[in-house]
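Chemist: Okay, here's the structure, questions in a sec.
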Amino acid sequence: SLARYTLETYVTSGREPEIPPGTSEELLKKQAGVFVSLKKEGMLRGCIGTTGPVTECVAKEVMRNAVSAGTEDPRFPPVTSGELADLVYSVDVLGAPESIASSSQLNPKRYGVIVSSGRKRGLLLPDLDGIDDPEKQIKIVSDKAGILPGEEISLERFEVIRYR
């Protein structure tokens, strides 16, 4: 609801709202990376997030990334006011990433993955439709990050709390 409120306010008024009264203490005191995903008619419409906190609390992280998902995802044009009622929101609050030695320590339904090679780095959230194999998960992330086959990689996994 916080992501929806924020993006709707931004698109209709051109300004980012303040944190609404009644926001839970947990959202105001905890810090974490957050991804906000938008879908329209079952298709991705925007997704932006942070792997770690860049604001002082989860509430601000959600708000910042909701506006970015709706207006700054380079794969899509900015969301218009006519689309707002059709959007379905998903917010993933990321747990701390942990280094893993191999893909055998991944379960794509449970863990998201971060793949790094030098300065190249990509992330894929867990439990995405059609991704049920760790090797496929790693290939998708590597491709997103521009990591070529055969490049040495390091892997991290993380869990999320998903809100829909």
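The values are calculated or read from the model by the stated rules, or taken from the named source; none is laboratory data. Everything quoted here is computed from the prediction, not taken from an experiment. No Cβ is skipped: glycine too gets one built from the backbone with ideal geometry, and neighbour counts run over all protein chains shown. Keep in mind that these areas ignore ligands, DNA and RNA; they rest on the heavy atoms of the full protein, side chains included. Shrake-Rupley method; radii C 1.70, N 1.55, O 1.52, S 1.80 Å.
Chemist: Just checking, does the stretch 56-70 include any residue being of a type in the set (Asp, Glu), at pLDDT below 95 and part of a helix (DSSP H, G or I)?
Modeler: no
Chemist: Return only the number of the condition from (1) open to solvent by 80 Å² or more (accessible area, probe 1.4 Å); (2) free of Cβ contacts under 8 Å to residues at least 12 places away in the same chain; (3) part of a loop (DSSP other than H, G, I, E, B) that Gly130 does not satisfy.
Modeler: Condition (1) is where Gly130 drops out.
Chemist: Quick check, is Thr80 more than 18 Å from Leu128 (Cα to Cα), among the β-branched types (Val, Ile, Thr) and surrounded by 14 or more Cβ atoms within 10 Å (Cβ to Cβ)?
Modeler: no
Chemist: Let me ask something else about it. Which of (1) open to solvent by less than 20 Å² (accessible area, probe 1.4 Å); (2) modelled with pLDDT under 95 does Ser117 not meet, given it meets every other one?
Modeler: Status for Ser117: all satisfied but (2).
Chemist: Follow-up question, since we're still on this one. Just to check your reading of the model, which residue among Tyr89, Tyr5, Tyr10 is in contact with a strand residue (DSSP E or B) (Cβ under 8 Å, 6 or more places away or on another chain), aromatic (Phe, Trp, Tyr), surrounded by 14 or more Cβ atoms within 10 Å (Cβ to Cβ) and not in a loop (DSSP other than H, G, I, E, B)?
Modeler: One residue alone meets the criteria, Tyr89.
Chemist: Quick one: count up the residues across the stretch 92-114 that are crowded, with 20+ Cβ neighbours inside 10 Å, out of contact with any helix residue (DSSP H, G or I) (no Cβ under 9 Å at 6 or more places or on another chain) and among the aliphatic types (A, V, I, L, M).
Modeler: Residues in the stretch 92-114 being crowded, with 20+ Cβ neighbours inside 10 Å, out of contact with any helix residue (DSSP H, G or I) (no Cβ under 9 Å at 6 or more places or on another chain) and among the aliphatic types (A, V, I, L, M): 1 in total.
Chemist: What is the residue count in the stretch 140-164 for residues that are free of Cβ contacts under 8 Å to residues at least 60 places away in the same chain, crowded, with 16+ Cβ neighbours inside 10 Å and of a type in the set (D, E, K, R)?
Modeler: Counting residues in the stretch 140-164 that are free of Cβ contacts under 8 Å to residues at least 60 places away in the same chain, crowded, with 16+ Cβ neighbours inside 10 Å and of a type in the set (D, E, K, R) gives 1.
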